[in-house]
Structures are given as structure tokens and as C-alpha cells.
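What follows is a set of notes on a single structure, which appears directly below.
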Amino acid sequence: MALIDSRFHVAIRPFLATDSERVQALVSNEAVARMASNIPYPYPKDGAKTWIASHGAQHRGGTAIIRAIVSLATNQCVGAISIDQITRGLNASGNLGYWVGEPYWNQGFCAQAGQLMLQLATKEYAMKRVVAAHRVDNLASGKVLEKLGFNELQPEYMTHSSGQHLFRCYEKLL
């Protein structure tokens, strides 16, 4: 089921097997892979199909919430948003991540999808805290997190698919 807010130009919904070709095209872009912390480049052939097929087990296991970001204007998948590394209990928390294809950069898709994902995390998963991080050279991602009301923490060095990089880290109490 899609989560839609009439104020936004995006919806988030579970991925469909039919999204795999579109996702494969969007993430096979070196610029997208460079900005995202978990997308390899070059992206493996049929990587999107395998990735989408893994979502059901992650959802059933309670380890991740993964959604397609869909443009309401075109009804096409333009990216992905997820909360993974989920912990449960009174202090349930997770790690927010997102990406959109390069043609959709700087159009508000991530901030709007982020608001929808945080609503989902609070209402359906009773999360109390969400963390996020981005490479220091990805200023747009930092702006998204600021719009979503995240507070910046100490920067940390983390291993990325292309090596070790300095990341800006954030948290939001829900």
C-alpha cells in the first residue's frame, strides 16, 4: 500500500518486481553510486531484480523498511528510501537512507519521501529515534536531513564501497 500526502508530489510504496528495470537504469549511474553509501559501481547486471527480491525477507524479519519513491506526476519510481538496522523495543530505532536518480536531484523528492517515511516509522513501527549519515561532499543530502529536522552529531569515518570517507552524521528523536 502506498503512503501519499496530498501536499506532496511523491508517494512511497513497496517495490514491485516490475520496478527492477527502472531501478537498474537509475542506479547504473556513477554519480548516483558515488553519492549513495551502499550502491556499487558498476552496478551488477540484474542487481536491481535481486535487491528488490530481498525486500520481503527483510520486512518479515523486521530488519528494514524499504520503499520506492514514486513521482505522482508520472507514476514512475524515481528512487528509494529505507530505514534499516532496526532495533525493537521501547527505544526502537533505525538508520534512514535514500537516493534518487540523477534526473530527479534537487527537486524535493527525498525531503518529501523522508517526511512520509518518518510518519511510517512512527505510526506503524513505533520508532523513537532515527539516525542518518551522508558523505561530506554530498551537501544536498545534508539539506534534506536539515529539512527533516535531524540534528547533526560528530562526523565519522566510515567505509564506503569506494573506500573510507568522512561522513556527517545526524539523529532525530521521534
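Within region 72-95, the set of residues being in contact (Cβ under 8 Å) with a residue 40 or more places away in the chain, over 20 Å from Leu173 (Cα atoms) and either of a type outside the set (A, V, I, L, M, F, W, C) or in a strand (DSSP E or B) (or both) comprises Gln76, Cys77, Val78, Gly79, Ala80.
Quickly run through region 18-34 and pick out the residues that are assigned to a helix (DSSP H, G or I) and among the polar types (S, T, N, Q). Across region 18-34, the qualifying residues are Thr18, Ser20, Gln24.
Which residues, taken from region 35-53, are under 25 Å from His165 (Cβ atoms) and either among the hydroxyl-bearing types (Ser, Thr, Tyr) or crowded, with 16+ Cβ neighbours inside 10 Å (or both)? The answer is Met35, Ala36, Ser37, Ile39, Tyr41, Tyr43, Gly47, Ala48, Trp51. Per the listing Phe8, Phe15, the residue uniquely within 21 Å of Ile83 (Cα to Cα), assigned to a loop (DSSP other than H, G, I, E, B) and at pLDDT below 95 is Phe8. For the structure I just gave you, tell me whether Ile69 is more than 24 Å from Ala31 (Cα to Cα) and assigned to a strand (DSSP E or B). So Ile69 does not fit the description; no. I want to confirm something. Restricting to region 75-109 and keeping residues that are in contact with a Lys or Arg (Cβ under 9 Å, 6 or more places away or on another chain), of a type outside the set (A, V, I, L, M) and buried (at least 18 other Cβ atoms within 10 Å of the Cβ), which single residue is farthest from Ala33 (Cα to Cα)? Taking the candidates together, the pick is Ser93.
Does any residue of region 11-21 turn out to be under 16 Å from the mean Cα position of the chain (by Cα), surrounded by fewer than 18 Cβ atoms within 10 Å (Cβ to Cβ) and among the charged types (D, E, K, R)? Within region 11-21, one or more residues are under 16 Å from the mean Cα position of the chain (by Cα), surrounded by fewer than 18 Cβ atoms within 10 Å (Cβ to Cβ) and among the charged types (D, E, K, R). Cβ separations smaller than 7 Å between residues 6+ apart or across chains give the following pairs from region 103-129 residues that are under 20 Å from Lys143 (Cβ atoms) and modelled with pLDDT of 95 or more to residues that are in a loop (DSSP other than H, G, I, E, B) and of a type in the set (D, E, K, R): Leu116/Asp5. Mind listing whichever residues of region 96-154 are small (Gly, Ala, Ser), out of contact with any Ser or Thr (no Cβ under 6 Å at 6 or more places or on another chain) and assigned to a strand (DSSP E or B)? Of everything in region 96-154, those that are small (Gly, Ala, Ser), out of contact with any Ser or Thr (no Cβ under 6 Å at 6 or more places or on another chain) and assigned to a strand (DSSP E or B) turn out to be Ala132, Ala133. Of all positions in region 35-48, at least one carries a residue that is modelled with pLDDT under 95, farther than 25 Å from Ala126 by Cα and in a helix (DSSP H, G or I). The residues in region 1-15 that are more than 16 Å from Tyr98 (Cβ to Cβ) and out of contact with any strand residue (DSSP E or B) (no Cβ under 6 Å at 6 or more places or on another chain) can be counted, and the count is 4.
The values are calculated or read from the model by the stated rules, or taken from the named source; none is laboratory data. Predicted model only: the values in this text are computed from it and were never measured. Cβ coordinates were reconstructed from backbone atoms using ideal geometry, including for glycine residues, and neighbour counts include every protein chain displayed.
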